[in-house]
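A quick write-up on the structure given underneath.
Where a number appears in this text, it was derived from the coordinates with a stated rule and is not lab data. Worth saying up front: this structure is predicted, and the values here are computed from it rather than measured. Neighbour counts run over all protein chains shown; Cβ positions are idealised from the backbone, glycine included.
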Amino acid sequence: MKTLLPVLEKLRTKCIISLGTPGKKVTTKMGNCELHTWLSPQERQEAMKNAKFVIFSGGHATCFETIKYAKPSICIPTQPEQLGNAAKLQDLNCAITVKNKSQLEKAVAKLEKAQEFYDRNVLALNEFSNKFKGLDRAVTIIETLID
């Protein structure tokens, strides 16, 4: 929050922030930012679909969601696997990895300036990943293990 809020509060664009803290749902507004302790799966899906870009820590689930919804992203990794995910997305020119508030400010400006470039790259990744029909393949593998 110390990294995100000071940067996002300055933006004129509406921001939706989910802390990912399950339990009692609390929502507050800070500037153009809606801050939620938790979003339901439906609220999260809607926010992801409508987002211009996504800022996240680089976790596996959100990483795959950014690809599913073809959203460029900015990653602020806090754990080793998040760093790996962020690096891969950055190598594919679908994301920018940052470590601090200063880098986040620059990344937001860069992503806004080069939005079409990042949109095009993440859309290509989305189209490529959809060819594999991962859910269907997982079901097939699980069914063979059950038999």
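List, please: which pairs have Cβ atoms under 8 Å, are six or more places apart or on different chains, and start with a residue in segment 23-45 that is without any contact (Cβ under 8 Å) to a residue 40 or more places away in the chain and more than 23 Å from Glu65 (Cα to Cα) and end with one that is part of a loop (DSSP other than H, G, I, E, B) and among the acidic types (Asp, Glu)?
Qualifying pairs under 8 Å: Met30/Glu9; Gly31/Glu9; Asn32/Glu9.
Checking Cys75 against (1) closer than 16 Å to Ala107 by Cα; (2) in contact with a strand residue (DSSP E or B) (Cβ under 7 Å, 6 or more places away or on another chain); (3) touching a residue at least 24 places away in the same chain (Cβ under 8 Å), which single condition isn't satisfied?
Just one mismatch for Cys75, condition (3).
Any chance you could count how many residues in segment 67-115 are among the hydroxyl-bearing types (Ser, Thr, Tyr) and either in a helix (DSSP H, G or I) or under 17 Å from Lys2 (Cβ atoms) (or both)?
Final tally of qualifying residues: 2.
For segment 52-64, does any single residue satisfy the condition of being in contact (Cβ under 8 Å) with a residue 60 or more places away in the chain, under 20 Å from Phe128 (Cβ atoms) and within 11 Å of the chain's Cα centre (by Cα)?
yes
If a residue must be under 20 Å from Thr66 (Cβ atoms), of a type in the set (D, E, K, R) and in a helix (DSSP H, G or I), how many such residues does segment 116-143 contain?
Residues flagged as under 20 Å from Thr66 (Cβ atoms), of a type in the set (D, E, K, R) and in a helix (DSSP H, G or I) within segment 116-143 amount to 4.
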